[in-house]
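**Q** Here's a structure for you.
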Amino acid sequence: MAADSEPESEVFEITDFTTASEWERFISKVEEVLNDWKLIGNSLGRPLEKGIFTSGTWEEKSDEISFADFKFSVTHHYLVQESVDKEGKDEILEDAIPQSMQDLLCMNNDFPPRAHCLVRWYGLREFVVIAPAAHSDAVLSESKCNLLLSSVSIALGNTGCQVPLFVQIHHKWRRMYVGECQGPGIRTDFEMVHLRKVPNQYTHLSGLLDIFKSKIGCPLTPLPPVSIAIRFTYVLQDWQQYFWPQQPPDIDALVGGEVGGLEFGKLPFGACEDPISELHLATTWPHLTEGIIVDNDVYSDLDPIQAPHWSVRVRKADNPQCLLGDFVTEFFKICRRKESTDEILGRSTFEEEGREIADITHALSKLTEPTPVPIHKLSVSNMVHTAKKKIRKHRGLEESPLNNDVLNTILLFLFPDAASEKTLDGTTSIDNSNLPSESEDYNLYNQFKSAPSDSLTYKLALCLCMINFYHGGLKGVAHLWQEFVLEMRFRWENNFLIPGLTGGPPDLRCCLLHQKLQMLNCCIERKKARDEGKKTSDNITNTYPGDVGKAADLLGPDHRKDTDKEKGEVGKSWDSWSDSDEEFFECLSDTEELKGNGQESGKKGGPKEMVNLKPEGRLHQHGRLTLLHNGEPLYIPVTQEPAPMTEDLLEEQSEVLAKLGTSAEGAHLRARMQSACLLSDMESFKAANPGCILEDFVRWYSPRDYIEEEVIDEKGDVILKGELSARMKIPSNMWVEAWETAKPIPARRQRRLFDDTREAEKVLHYLAFQKPADLARHLLPCVIHAAVLKVKEEESLENISSVKKIIKQIISHSSKVLHFPNPEDKKLEEIIHQITNVEAIIARARSLKAKFGTEKCEQEEEKEDLERFVSCLLEQPEVLVTGAGRGHAGRIIHKLFVNAQRAAAMAPPEEELKRVGCPEERRHNPVSDFPAPAGRELILRTTVPRPAPYSKALPQRMYSVLTKEDFRLAGAFSSDTSFF
């Protein structure tokens, strides 16, 4: 057995050298990506226009590849340009220099203000970058760097791609790239040096020229001229004598109540700190040649005042604190609070605590003893204080979250009618004389679902905002809200209309809280009308509310008598109504009159019996219609107004109707519930028009459902014949059933469609149990509405075109978000953030105008130029200074630097003007006009044959940047691979 097993134990290992290694697979993937992106061959584009790197559109494409288990991302960055026409393509020579190598020598886009770092360093319009996919990964070892470079070189050679390919090495924050670009017989190597400390010999032009020449190693003598572009950047941080113009709000004045109540209707605006932190001045010498200037460690000709090009950019403060933004943000934070009003204030305001508990033996005597009726002095100013007593009787003044003067000021602002005495009838008028015109700004509330800017709800939102920010925070908000609710109840109980609300039913375009207040006002109006009718029921000179009085005068004494009776009956005191569902308007006349009117006989009788009824409740005669049955004129009846409803009640009603289901019984019940108003109008119509039939009612109420046709009668005459529409003839039609059920009862004796007592109590209960968070949710649309109006008002003073566009976007975004019942917090935060950004932009514009003194310019032309310059600074990353240091803006910038330098050197300010003299004076002056440059950038270019004298002349370029903590050299050195 052992002998048999020996051959089996021998294993021959065969190595297959045709299997691709990980490195080869990586190269293949790179080639595959380059082919997919169609980066093969030479594709010459148009010459680069000046400034195209900043103004043009850059796009990028990305893909992911891996080397073994190490993942890389490959990204193609390119400037979008129009393709060259076909004729141009035919002219491309086979040995033409690649586009990227030509771009190395282009001078139109040196020092772009906003671009990818490789664009700034090498002036490229297109390139591909291979970088570690994970942010934490890095290629650190030299061997790995060389392996990647070899892969890039092989991939470029195999595919014929002429787009530069870079590899990112070291940690990403260092922005270190090495790369290669290949053309027909030529190659460009992209190399880089990055140091923390710079050697002294490389801090000036002469030292950098030495590096450049030694790196090129050109065998020619003399060396072809080197083209030089230089930029020095100076930073101004100290704005001496140009203080931030924003004045902080006078909080002491507000707390002390020294300002008028109208202050509470204004929102603060502006940044609390200077939103412009630094000014960067870039002085550029774009076209210099070696030998024209001297710049070494001893002497320099590079005087910023003499630089031919000046450009300026401003550095904006990161998230400057803005008053309006903080105001709205703090109010929005209330939405996230969970506490109720009672929990915040410590006890319920609405509990009648602390009453003197009378002895139980006196309980019956309280019922039998006559008690004097309290007669209020009907002044709203006293009324406000009466409401406040309820909250204060258990709490000392020092414990009240709101100062008494502040509270009085706010309440007078919210309820301006409190400042004047009222007559005993308690009438309050809503002054609409100062309403804004129906402008676009005024109608914003329709889009935001907030409230009109002159309404009580809008003012309340602003006051709560101010209280939250300046006067007690959440406790102050809860305190003011309780005072407001007590005020609402007081007005309901004493028939005082609520000011600042438009008449009529609740406006469903507004927020729910505004609708509730409008509903309460409707209830007060109805209750007030009844109470006034009760007081004047003995006088026969009253008229029915609305247009009844005018109609009665036209109809003569008989009808006026009926109308007077209606008025008397409507005027019954509200105290006599119960809260039950079976509430009816009881007639004040005796029951004999009912019998005389044939009320009982009319219940079951047809039209013939109804003719004998006495007409009641007529408003006025219809212009042309007559009753079909007897030809009598058709009278329009006095009807009950439909019950006003808020959106939550409508939603409630629709849910109830939906729950009835789709069965026949459910549909029938649903129709009956919806026809209460129809039944009331039918009863009023029957009472006003004895002997009428359903067709008469339909002709008045729904003319489209009565179809008239021209027919020829027996005599041959053309007559009009009418009949009900098809839907009215459907068996068991709701209209027919309601008509048969309806009795001839005038509106004054019908059951009330709108129980104002119950609805008012529901509204007051709803208001009393609103938490501050709920209240903030209701009023946030009003606050955002007010903030947008404030921003628009401030922008109109500055006239910044970019801000106008942003405001339109905010309005569009807000109108979409706020129309939902419960908008998401994230979307609301986005709106507030956008408003804050606009506020910061306007604050920056004002800051720059103050610093450049646009208002101090005496010449109109100079003022316009400065304003245009400031506007460009806000909207563009970098702005060219017309006339450089000798232009108007240049002189102002120079003066700013001089002031800062003088302040730093503690020099007397009177010498300031003398120093703007000739260069000789400035050179000998111990204090320079400008500080040391914060950044020195140089670009050196030339075209030389390399590596041999007979090689092809190719572009060479080196970029250098020196800052306080950073030194970088980025070189692109081309060589001839055919003739070397």
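The values are calculated or read from the model by the stated rules, or taken from the named source; none is laboratory data. All values derive from a computational prediction rather than experimental measurement. Cβ placement follows ideal geometry from the backbone for every residue including glycine, while neighbour counts extend to all protein chains displayed. The protein model used for the area step is the full one, side chains on, heavy atoms only, and it has no ligands, DNA or RNA in it. Shrake-Rupley method; radii C 1.70, N 1.55, O 1.52, S 1.80 Å.
**Q** Give just the number: which of (1) open to solvent by less than 70 Å² (accessible area, probe 1.4 Å); (2) touching a strand residue (DSSP E or B) at 6+ places or on another chain (Cβ under 9 Å) does I807 not satisfy?
**A** (2)
**Q** With the checklist (1) assigned to a helix (DSSP H, G or I); (2) hydrophobic (A, V, I, L, M, F, W, C); (3) in contact with a strand residue (DSSP E or B) (Cβ under 9 Å, 6 or more places away or on another chain) in hand, flag the one item L866 doesn't pass.
**A** (3) is the only condition that L866 fails.
**Q** Which residues, counting only those in the range 731-748, are charged (D, E, K, R) and crowded, with 21+ Cβ neighbours inside 10 Å?
**A** First, the residues of the range 731-748 that are charged (D, E, K, R): 737, 740, 743, 748.
Residue satisfying the conditions is R748 alone.
**Q** Looking at (1) modelled with pLDDT of 90 or more; (2) open to solvent by 10 Å² or more (accessible area, probe 1.4 Å); (3) more than 23 Å from L402 (Cα to Cα), find the lone condition where F490 falls short.
**A** Failed condition: (3).
**Q** Next question, about the same structure. Only one residue in E191, E180 is under 15 Å from P955 (Cα atoms), out of contact with any Gly (no Cβ under 9 Å at 6 or more places or on another chain) and of a type in the set (D, E), so which one is that?
**A** E180
**Q** Are there any pairs, at least 6 apart or on different chains, whose C-beta atoms fall under 7 Å, with the first in the range 715-737 and basic (K, R) and the second assigned to a helix (DSSP H, G or I), and if so, which?
**A** R727/D705
**Q** Can you name the residue in the range 298-315 that is open to solvent by less than 70 Å² (accessible area, probe 1.4 Å) and in a loop (DSSP other than H, G, I, E, B) and is also farthest from P933 (Cα to Cα) among such residues?
**A** Among them, the one singled out is P308.
**Q** Give me the residue from the range 944-953 that is out of contact with any helix residue (DSSP H, G or I) (no Cβ under 7 Å at 6 or more places or on another chain) and open to solvent by less than 60 Å² (accessible area, probe 1.4 Å) and, out of that set, nearest to I216 (Cα to Cα). Before the answer, list the steps.
**A** Residues of the range 944-953 that are out of contact with any helix residue (DSSP H, G or I) (no Cβ under 7 Å at 6 or more places or on another chain), as a first pass: 945, 947-953.
Checking which are open to solvent by less than 60 Å² (accessible area, probe 1.4 Å) leaves us with 945, 948, 951, 953.
Details: P945: 9, A948: 11, S951: 13, A953: 12 Å.
Only one residue tops the list, namely P945.
**Q** Step by step: first the residues of the range 148-177, then only those that are surrounded by fewer than 21 Cβ atoms within 10 Å (Cβ to Cβ) and assigned to a strand (DSSP E or B), then the one that is nearest to the chain's Cα centre (by Cα). Which residue is that?
**A** M176
**Q** Moving on to the next point. Looking only at residues that are within 17 Å of F754 (Cα to Cα) and out of contact with any helix residue (DSSP H, G or I) (no Cβ under 9 Å at 6 or more places or on another chain) in the range 668-689, which one is modelled with the highest pLDDT?
**A** C677
**Q** Sort through Y766, Y706 and tell me the only one that's modelled with pLDDT of 90 or more, at negative phi and hydroxyl-bearing (S, T, Y).
**A** Just a single option satisfies the conditions, and that option is Y766.
**Q** A follow-up question, please. Can you tell me how many residues within the range 294-330 are more than 30 Å from V838 (Cβ to Cβ) and of a type in the set (S, T, N, Q)?
**A** 3
**Q** Right, next: Within the range 493-524, restricting attention to residues that are of a type outside the set (A, V, I, L, M), closer than 30 Å to H819 by Cα and open to solvent by 20 Å² or more (accessible area, probe 1.4 Å), which residue is nearest to the chain's Cα centre (by Cα)?
**A** The residue in question is R509.
**Q** Might you let me know whether the range 440-449 holds any residue that is closer than 24 Å to V406 by Cα and touching a residue at least 40 places away in the same chain (Cβ under 8 Å)?
**A** No, there is no match, as no residue in the range 440-449 is closer than 24 Å to V406 by Cα and touching a residue at least 40 places away in the same chain (Cβ under 8 Å).
**Q** I would also like to ask the following. I want to confirm something. Restricting to the range 28-78 and keeping residues that are free of Cβ contacts under 8 Å to residues at least 24 places away in the same chain and either touching a Cys at 6+ places or on another chain (Cβ under 6 Å) or not polar (S, T, N, Q) (or both), which single residue is surrounded by the fewest Cβ atoms within 10 Å (Cβ to Cβ)?
**A** Among residues in the range 28-78 that are free of Cβ contacts under 8 Å to residues at least 24 places away in the same chain and either touching a Cys at 6+ places or on another chain (Cβ under 6 Å) or not polar (S, T, N, Q) (or both), the one surrounded by the fewest Cβ atoms within 10 Å (Cβ to Cβ) is D69.
**Q** Sticking with this structure for a sec: Taking the condition closer than 29 Å to W285 by Cα, part of a helix (DSSP H, G or I) and open to solvent by 10 Å² or more (accessible area, probe 1.4 Å), does S143 pass?
**A** Judged against the criteria, S143 is not a match.
**Q** If you don't mind, another one. Please specify each residue of the range 69-98 satisfying the condition of being over 30 Å from R120 (Cβ atoms), within 51 Å of the chain's Cα centre (by Cα) and at pLDDT 55 or above.
**A** D69, the sole residue that qualifies.
**Q** Would you call R941 open to solvent by less than 50 Å² (accessible area, probe 1.4 Å), within 19 Å of A96 (Cβ to Cβ) and touching a Leu at 6+ places or on another chain (Cβ under 9 Å)? First the steps, then the outcome.
**A** Numbers: open to solvent by less than 50 Å² (accessible area, probe 1.4 Å): yes; within 19 Å of A96 (Cβ to Cβ): no; touching a Leu at 6+ places or on another chain (Cβ under 9 Å): yes.
When the stated conditions are applied, R941 does not pass them.
**Q** Please go through the range 623-651 and pick out each residue that is surrounded by fewer than 19 Cβ atoms within 10 Å (Cβ to Cβ), not in a loop (DSSP other than H, G, I, E, B) and not hydrophobic (A, V, I, L, M, F, W, C).
**A** Listed by number, the residues that qualify are G623, R624, T626, P633, E647, D648, E651.
**Q** State all residues of the range 690-719 that are surrounded by 15 or more Cβ atoms within 10 Å (Cβ to Cβ) and touching a Leu at 6+ places or on another chain (Cβ under 7 Å); if no residue qualifies, say none.
**A** Listed by number, the residues that qualify are P690, G691, C692, I693, E695, D696, V698, R699, W700, D705, Y706.
**Q** Out of contact with any Asp or Glu (no Cβ under 7 Å at 6 or more places or on another chain), closer than 22 Å to H479 by Cα and not in a helix (DSSP H, G or I) - does that describe any residue in the range 758-770?
**A** yes
**Q** Search the range 644-667 for residues being at pLDDT 80 or above and either touching a Lys or Arg at 6+ places or on another chain (Cβ under 7 Å) or of a type in the set (A, V, I, L, M, F, W, C) (or both), and hand back the single one that is nearest to A687 (Cα to Cα).
**A** M645
**Q** Return the residues of the range 178-231 that are of a type in the set (D, E, K, R) and either open to solvent by less than 60 Å² (accessible area, probe 1.4 Å) or in a strand (DSSP E or B) (or both); say none if nothing qualifies.
**A** Listed by number, the residues that qualify are E180, R187, D189, E191, R231.
**Q** Among the residues of the range 875-884, is there at least one that is modelled with pLDDT of 90 or more and part of a loop (DSSP other than H, G, I, E, B)?
**A** yes
**Q** Checking the condition of a type in the set (S, T, Y), within 48 Å of the chain's Cα centre (by Cα), surrounded by fewer than 14 Cβ atoms within 10 Å (Cβ to Cβ) and not in a strand (DSSP E or B), which residue from S680, S654 passes?
**A** Selected residue: S654, the only one of S680, S654 that is of a type in the set (S, T, Y), within 48 Å of the chain's Cα centre (by Cα), surrounded by fewer than 14 Cβ atoms within 10 Å (Cβ to Cβ) and not in a strand (DSSP E or B).
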